[in-house]
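A short write-up of the structure that comes next.
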């Protein structure tokens, strides 16, 4: 009798000592942080992925938009969060490996995050408001820019964004001068483009595909190496005569650094399963995304991040984009 009682007490003590650590992940909602206003490519991608991921993990995925500083506010927030799997970042090229070169940041893109899974990439598309400009081709735009240096303005979702870098590289190659107007996200940038406050945008395809289909924006070219199936009649910049602009926006999920291996494995598996779902793939493809097509493991993704960090360091330097310049 005494032996049974001691065994029972020992079992109760073991359960008590295990406490929260014994909880099965996830046992509460997960926050997926987006560093931009609703309506842009990052936000749209986050909402598509979150819906299916929530079902697999059997927990609500709560989208939180924390716009500002080209996505660095959100990235910094996640980098400093507890590495428990309950705070994740829907990251992109901009907030991870480009903007930190041109804006003050307090995190290390390589050391302060745990790469979970690469989602896919989308091209940028050069769009104009047809009610404001009658440009029918990229050359029409170039001719106008050369005729009046500084006369055209281009929108972006912030310093170091793919829109910014693409337009800056375009201007460098074609030796034209245009004025940059940064916003807190594609949603605001597109709204002002539609309203006539800016002249053009090299926006990511998900942010403008709806307006293109509605005839409210005219696409002149895409930045990808090949034409996108979503806009088969729109030439690439290379086909339009502008070679050397090879900037695309990629999306991925990052967690705070030092995420425990079991949680990383569970998240990666759930995301991999999400991206294999035909319905999810179709929704992302409908936004112009090339789903997958990149690193397919957390380790491979980590290597990819390192390579992209070096690449965009060289690009921003060649364009003369520095943190000191941003302060001016």
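Quick note: the coordinates plus some simple rules give every number you see, no bench work behind them. Since we're looking at a predicted model, the values are computed, not measured. Note that we place each Cβ from the backbone using ideal geometry, even for glycine, and neighbour counts take in every protein chain shown.
Structure data summary
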read-out	value
Residues residue 58 and residue 179, FRET efficiency given R0 of 56 Å [Cβ-Cβ distance, rounded to 0.05]	0.70
Spin-label model distance (nm) - residue 213 vs residue 314, 7 Å beyond Cα toward Cβ	3.8 nm
Principal-axis tilt of helix 41-57 within the chain, Cα atoms, nearest 10 degrees	20 degrees
Normalised contact order of the chain, rounded percent, pairs of Cα under 8 Å and 6 or more residues apart	26 percent
Estimated distance in nm for a label pair at residue 323 and residue 47, the labels positioned 7 Å out from Cα along Cα-to-Cβ	3.5 nm
Where labels lie 7 Å past Cα in the beta-carbon direction, separation of residue 143 and residue 82 in nm	6.3 nm
Residue with peak Gaussian network fluctuation, the chain [Cα springs, cutoff 10 Å], from 95, 318, 157	318
Gyration tensor (alpha-carbon) shape descriptor, the stretch 126-188, a/c threshold 1.5	oblate
Largest-first ellipsoid semi-axes for the stretch 158-248, taking √(5λ) over the Cα gyration tensor eigenvalues, angstrom	19, 18, 11
For the stretch 166-216: rounded, prolate or oblate by the Cα gyration tensor [a/c cutoff 1.5]	prolate
Cα-based shape type of the stretch 70-206, given that a ≥ b ≥ c are square roots of the gyration tensor eigenvalues and the cut on a/c is 1.5	prolate
C-alpha long axis of helix 261-276 to longest principal axis of the chain, angle in °	50 degrees
Difference of contour (0.36 nm per residue) and Cα-Cα distance, residue 111 to residue 258	52.0 nm
Globularity index of the stretch 13-144, i.e. its alpha-carbon radius of gyration over 2.2 N^0.38 Å	1.40
Helix axis angle, 138-147 relative to the chain longest principal axis, alpha carbon, degrees	60 degrees
Separation between Cα centres of the stretch 293-326 and the stretch 141-156, rounded to whole Å	28 Å
Where N is the number of residues in the chain, Cα Rg divided by 2.2 N^0.38 Å	1.13
Of all DSSP beta bridges in the chain, antiparallel share, percent nearest 5	60 percent
Between the stretch 181-204 and the stretch 62-76, the alpha-carbon center distance in angstrom	19 Å
The stretch 195-268: relative contact order as a whole-number percent, Cα under 8 Å and 6+ apart	20 percent
DSSP-defined beta bridges in the stretch 123-222 - what % are antiparallel, rounded to 5	60 percent
Calculated FRET value between residue 197 and residue 24, using beta carbons and R₀ = 45 Å, to 0.05	0.35
